[in-house]
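Below is one structure, written out as C-alpha cells, with a few remarks after it.
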Amino acid sequence: MSLPPQFLDEIRARIPLSRVIGRKVVWDLRRSNQAKGDWWSPCPFHGEKTASFHVDDQKGFYYCFGCHAKGDALTFLREAEGMSFIEAVQLLASEAGLQMPERDPRQVERADRRTELVEVMEQAVRWYRMQLGMGLASEARAYLARRGLDDAACEQFGIGYAPDQRQGLFNALRSKGISDALIIDAGLAAKPDDGGAPFDRFRGRIMFPIRDGRGRCIAFGGRSMDPNARAKYLNSPETVLFDKGRNLYNVGPARAAVAKGKPLIVAEGYMDVIALVRAGFDGAVAPLGTAITEDQLRLMWRISPEPVISLDGDTAGLRAAIRLIDLALPMTAPGQALRFAFLPQGQDPDDLIRTRGAGAMSTVLDDAKPLVDLLWRRETDGKVFDSPERKAALDKALGDAIGKIPDKDTRDHYFSALKQMKWELFGQRRREPQTARPRQTWQPKGMRGEVLPVAPVASTRASWLSSPDADDRTAEMMIEAMILAICATHPELIEPVEPRLERLEPADPERAALVHDLLAGSQSQAGQRALESIMAEPHVRTAPAILRPSPDDSAGGILANALDRIEARRAARDEIARAEAEIEGLADEGLTWRVAQSARARQQADHPSLADLSDLGEDRAALSAQLKAALENEIWRKPRR
C-alpha cells in the first residue's frame, strides 16, 4: 500500500520518538535532557552497559554510536518489534488518533509503473551481462582484466557490456514483449527528434548497474571503450526511478557494511568503489558523475555520522574538497561531520591499492582530516599575513564561514579550533597542543588552598608604578602581570576581553604561553611557571582582587583599567618611535627628550584615568603647545643651502 508522505509526517509529528522507544529501553536521566527532547540509553540492538544510544525527538531520529543503528519510529518498530511497514504505520496511526488513508488510484498507478520500470531495468542488466561474454566484448574484457577485475568481481557488481549497435538492447527487450514506451521511460533508449525509430542510449560501453538502497537497478553508468568519445562516462538520464542527485553508487551494500562497523568512504567513481570493496573497504560509495549534492550529504549522514571523503591527491581533488566546504558547513551538526582523506599525488584508490596494497589505503584513511582543517587550508594556503589588515581579512573569512553553522555548540568548537590554529601561525612560539579543558581558576604550585592576606607594605601603598623614577618597560611588565593574574583568578572575565588579551603579546615566552593557556582553557608547564612567578610579585599577591576573588565587578574594572593603561603606553611609545624615525638633521639634541615627555603628557591629558602612570611635574598643556609648534615649524631640520 502506498501512503502519502504527509500522512507519515503527521504521525511522526504527533508521537514523540522517545515514547515509542521508551517502551524498550531505560533512559539515562543524568545524561538526557528531557526538556529538549534529547535522550540517551543503552542500545536495544546490541548488549552494552554504557548509554551510547541517542534519541532526538526534534529530528525524529535515533542513532547508536556503538552499532550504528539509525532510523525513525517506523524503522524502530520494524527492526526491534519485527513489524512490517504497514503494521508499524497502523500501530502509530492508532496511537496518534489518525485514520488510515484510502488508497489513491493515481498513487497505485504510479507505484505499478515503477514496478514495471524496475523489471525492465533488471532485464537490461541480464542482457548486458550476457553480452560481456560475447566476442564483441573482447576489448572490454581485456580492459577489465588490466584493472584487476575478474569474473567474480564482474558478477558481484553486475558489470556488463553494451555492444556498439544502434538497436541491440532495444530489439532484445521488444522481443520479450516490453513496449517502446517502457524502454524509453526507463532511460535505456532515446527517440530521435525527427520521429525516427528509438535507438540504444548506451553503445560500445562497459556497463555498471546503479542500484538503490533496496538493491533495485534504477540506472546505469557506462564507460566508453572509444578514447575519442565525447563523454568517457555516461549515466542514465533522469527518470521516474532515477535522480542522480539523490542516489549513490553501491549505497545498499555500503549501508550494510557501515552497520557492521565499517567506515563510510566516499570515492569519486565506479572503479574506485569496486577497488575499495575488493580490498576490504566494503562501506565505499560514489556520487553519480556530479559534485556531491545536499541530498547526497543527507543520505550519507543517514548511513554514518562521519563519512570519509576520499579524493585524488591532485589539484582537481583539492578543488572538489574546497567546493564541498560551503555546502557542508550550513548542514554540519553533532552527528553530521565529514573527514577528508587525500591520496598521493596522481593516484586514485584503484591505483594506490593495486601498486601498494590495502595497507597503504588504510594509512590514508587513518590520516583523514576534519572539515575545520580543510577550511583553514582554504583560507591560508599560499597567503602571507604580514599586516594587521591581512590578519583581519583572515579573521573575517573564517568568521563568515563558521557563521553558517546553525548548531551553536558545533560553531563554538570550530571557533576554538581555529583560534588554536591562528595561535600556531601567529604566536611568538609554537607549542604542543594541549587537551582542551574548561576555563578554571588558576593557582600556581605551592599556593593551593586558602591564600592568607598579606598586609601591603609602604612601598606598595605609594604606587611604585606611578613613580617618575620607574623604568617604563618594568612598569609595563608589572601592569601585564596584574592583567594575567586577574584573568587566571577570574576566568569568567576572559571572554569579554579575548581580543584585547590576544593582542597583549608578552615579550617573555613563558608569559606568552600563559596567555595562550588562558585563551584556550588549557594548562602548560611554561604557563604554570609564568603564573607562579607573577603570583610571587608583591603588587600582585597583595592586590585585593587576587587575595579575595569574588564575583563582584571590582576585578572586571581593574582588568579593564589595566588593559587601558598598557595599550595607552604602547600607543604612546609607538607614536614617539615613528616621530623619532622621521627626524632628519637634528637641530637640538634635547628635542627627542622633549618630544617623548610632551607626548606622554598629551596622552595623559587625553586620558585622565591614566594620570597615575607617571608624574612629570610639568605644565602638560604648555608642553603640548610646544610640541605642536615644533612639529609645524620642523625646527629640527637643517637649513637648506
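The values are calculated or read from the model by the stated rules, or taken from the named source; none is laboratory data. On a predicted model such as this, the values are computed, not experimentally measured, just so you know. We place every Cβ from the backbone using ideal geometry, glycine too, and count neighbours over all the protein chains shown.
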- request: Return only the number of the condition from (1) free of Cβ contacts under 8 Å to residues at least 60 places away in the same chain; (2) surrounded by 19 or more Cβ atoms within 10 Å (Cβ to Cβ); (3) within 22 Å of the chain's Cα centre (by Cα) that residue 325 does not satisfy.
  value: (1)
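If only one of 576, 546 is buried (at least 19 other Cβ atoms within 10 Å of the Cβ) and either touching a Ser or Thr at 6+ places or on another chain (Cβ under 8 Å) or under 22 Å from residue 473 (Cβ atoms) (or both), which one is it?
546 is the lone residue from the list that is buried (at least 19 other Cβ atoms within 10 Å of the Cβ) and either touching a Ser or Thr at 6+ places or on another chain (Cβ under 8 Å) or under 22 Å from residue 473 (Cβ atoms) (or both).
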- prompt: Filter segment 384-395 for residues that are surrounded by 10 or more Cβ atoms within 10 Å (Cβ to Cβ) and among the charged types (D, E, K, R); which is nearest to residue 413 (Cα to Cα)?
  reply: 395
task: Answer yes if at least one residue in segment 45-58 is crowded, with 16+ Cβ neighbours inside 10 Å and without any contact (Cβ under 8 Å) to a residue 12 or more places away in the chain, and no otherwise.
output: no
query: Can we say residue 484 is at pLDDT 85 or above, within 20 Å of residue 415 (Cα to Cα) and part of a helix (DSSP H, G or I)?
result: no
task: Being under 23 Å from residue 341 (Cβ atoms) and surrounded by fewer than 19 Cβ atoms within 10 Å (Cβ to Cβ) narrows it down to one of 261, 283, so name that one.
output: 261
- prompt: Based on what the data block shows, is residue 97 out of contact with any helix residue (DSSP H, G or I) (no Cβ under 9 Å at 6 or more places or on another chain) and surrounded by fewer than 15 Cβ atoms within 10 Å (Cβ to Cβ)?
  reply: no
message: Looking only at segment 142-195, filter to residues that are of a type in the set (Ser, Thr, Tyr) and over 18 Å from residue 210 (Cα atoms); which one of those is nearest to the chain's Cα centre (by Cα)?
response: 143
field: Leading residue by the ranking (nearest to residue 97 (Cα to Cα)) among those in segment 1-52 that are among the hydroxyl-bearing types (Ser, Thr, Tyr) and not in a strand (DSSP E or B)
entry: 18
statement: Over segment 495-515, the set of residues closer than 21 Å to residue 565 by Cα and in a helix (DSSP H, G or I) is 495, 496, 497, 498, 499, 500, 501, 502, 511, 512, 514, 515
- prompt: Only one of (1) over 27 Å from residue 115 (Cα atoms); (2) of a type outside the set (Phe, Trp, Tyr); (3) not in a strand (DSSP E or B) fails for residue 55. Which number is that?
  reply: (3)
task: For residues that are of a type outside the set (Val, Ile, Thr) and more than 25 Å from residue 91 (Cβ to Cβ), scanning just segment 41-58, find the one that is nearest to the chain's Cα centre (by Cα).
output: 52
query: Only one residue in 69, 145, 137 is on the phi < 0 side of the Ramachandran plot and at pLDDT below 90. Which one?
result: 69
message: I'd like the full set of residues that are part of a helix (DSSP H, G or I), surrounded by 16 or more Cβ atoms within 10 Å (Cβ to Cβ) and within 24 Å of the chain's Cα centre (by Cα), limited to segment 330-374.
response: 331, 349, 361, 364, 365, 371, 372, 374
query: Among the residues of segment 63-99 satisfying the criterion of being free of Cβ contacts under 8 Å to residues at least 24 places away in the same chain and not in a helix (DSSP H, G or I), which is farthest from residue 10 (Cα to Cα)?
result: 66
